[in-house]
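Read through the structure below, which is laid out as structure tokens, and then see the notes.
The values are calculated or read from the model by the stated rules, or taken from the named source; none is laboratory data. Keep in mind that what you see is a predicted model, and the values were worked out from it rather than measured. For neighbour counting, all protein chains shown are included, and Cβ atoms are generated from backbone atoms with ideal geometry for every residue, glycine included.
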Amino acid sequence: MPSGESCTFNIAFRPIYGGVRNELFQVFINPPAGTETVRLSGTGILFDMSAVKLSVSIPKALAGFVEIYRKKRGLKSRSQVFEEAVKLLRSRELEDAYRQADKHPDKAWEKTLSDRLGDEHK
């Protein structure tokens, strides 16, 4: 970006562990400026990771698949199959959030990317 111009970008800091969390975000600037460091702080939600007993009703065909998957993967219980499935659903939600964020690009960031400064090695 040319000297004297500015760029604005938004950062979402969402700690995945409970309690207050602090991190540093560094922006690398061409010499002689060096780096600019921004302190981030957020409060994560503490998830109780103890087991919760659930009763699940699913069609027989899916129950059969759960059992086949459990055996194929060497899992000790059907609960582990459901745990993997829920983790995948959680991951999908995160991917959806990133896709939504990508639909609203920051024009200043796009201009910064177009300077190709990160492509020297090509």
query = With respect to R70, is the statement that it is at pLDDT below 80 and either part of a loop (DSSP other than H, G, I, E, B) or surrounded by 10 or more Cβ atoms within 10 Å (Cβ to Cβ) (or both) true?
reply = no
query = Just to be sure, is E5 assigned to a strand (DSSP E or B), under 26 Å from D102 (Cα atoms), of a type in the set (D, E, K, R) and at pLDDT 75 or above?
reply = no
task = Give the residues of the stretch 73-84 that are surrounded by 12 or more Cβ atoms within 10 Å (Cβ to Cβ) and not in a helix (DSSP H, G or I), sorted by residue number.
result = L75
Check on K87, at pLDDT 75 or above and outside any helix (DSSP H, G or I) = no
